[in-house]
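Working notes for the structure below.
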Amino acid sequence: MTTYRKFLTGGAAFAALAFAAVAIPAPAAFAFTKESGAAIVLDASQQRGGSRDQQPRGQGSRPDSDRGGQGQGQGGRSLDDIFRDIGGEGEEEDSDRPDWAGTPGGGSDHGGGRPSMAGSKRGDLFGDLWVILRDENGVPILTPEGWVQPLDANGNPVPLDEEGAPIDETLVQEVELGRLNVGRAPNSVLDRRAEEVVTLLNAATDLSTDASGRLVITTADGTSTIDSPLENLAIYVALLTQGTIPGVSDLPGTAYDHLVDGVFTAADLQASASFLAAATDKTSPFTADEIAYINAFLGINTATRGSATWSVIDYSDFTYDRSDVYGSATATVLVQQADGTWVAQTVNIYEAVFGSVDATVSGSLDAYTRAADDARTVVNFLHEYEVPATSLDDVEH
């Protein structure tokens, strides 16, 4: 049986990375804190404490007063602006590549467990995030009283009291918000990073993607992959809000024209799944609720009714076929041989990662979640079995 070199063991082995305590700074207008009490973020202690009295109640799930729309949430912003919104203040994070990737045996903290700062202050900032009733686009379906409707493990509505809080909180399902690997950097650093991305793309003589869908850029100075979580997340936000990477006027060839044409298209939505995957905690599977919360926290095409705020993204035309996307994708990884040694070999991603098992989904946030999680799985695979740079000349095809 073929065995790939596994540098990541157990559950979450990202202790070596410098995670920000909270890696998704919510835009001020949509700060889902205990103080704001936004209806899509439930905090049981707040709901029962009477602060709901300050929140206007709505009359339905999709009223005429909803604000926001596809490709309109943050139109006209530069990549610098997007970087600043999602970066915050603190230390710079250059790459999603773990420090131990490509090192025999992995890092000293690779034995499993949660990241060193996992869960720190998340509840303080965002309250309790619960699985709630949503439509196919991820929009919350509110109760007649205007509350979001939590679901139990079987998908049944959890009974609510007169203040919209679950009568039995043990029935709700918490959403583990997989940490986006985004360091919080000073504005000067974010400005420089944005300028570097724009300069690099404008100087590209060739453009492609790696097996996971991340951009691979060739310039006169060489070839590099955009693997920084911050840069990938900025591109994700730009595509979903503006349908383009601001500041980039043209790209080599025509295959990636959709990234710079200023029009939000199905191709942008398809590509965005890989950019989101490149920005997230690689060990935690995506869920639809998680992506819906992330989009709202990032202020992507938001709509608001009363105290409820959500992202408006139309997934009805989204399609994903795993074999079409990964059937011919390859990557060079370490593969264990019969004698126990490890050799760099080029493998087929569809076979090595997915066991040649297909998945075909369409028309919903769930379908998009499948695509994003497959991309996350591929990024994780590439990191687990990454070939050390010194071994790249000895690749077996």
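Every number here is computed from the coordinates shown, using simple stated rules; none is lab data. Treat the numbers as computed from the prediction; the structure is a model and nothing was measured. Because the Cβ atoms are built from the backbone with ideal geometry, glycine has one as well, and the counts that use them run over all protein chains shown.
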Sites residue 170 and residue 206, calculated FRET efficiency, Cβ-Cβ separation with R0 56 Å, nearest 0.05:
0.50
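Given the Cα-Cα distance of residue 78 and residue 216 and 0.36 nm per residue of separation, how much length would full extension add, in nm? The partial results should precede the final answer.
Numbers: separation 138, 0.36 × 138 = 49.68 nm, distance 2.17 nm.
Taking 0.36 nm per residue and subtracting the Cα distance, the gain is 47.5 nm.
Go ahead and run the numbers for FRET between residue 192 and residue 266, Cβ-Cβ distance against an R0 of 30 Å, rounding to 0.05.
0.35
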Given labels modelled 7 Å from the Cα in the Cβ direction, how far is it in nm from residue 249 to residue 323?
4.5
Taking H as built 1.01 Å from N, whose amide H comes closer than 5 Å to the amide H of residue 344, not counting residues under 5 places away?
335, 396
Would you grab the residues whose amide H sits under 5 Å from the one on residue 160? Only those 5+ places off in sequence or on another chain, please, with H modelled 1.01 Å from N.
167
Would you pull out the residues with amide H under 5 Å of residue 134's amide H, same chain only if 5 or more places away, H placed 1.01 Å from N?
141
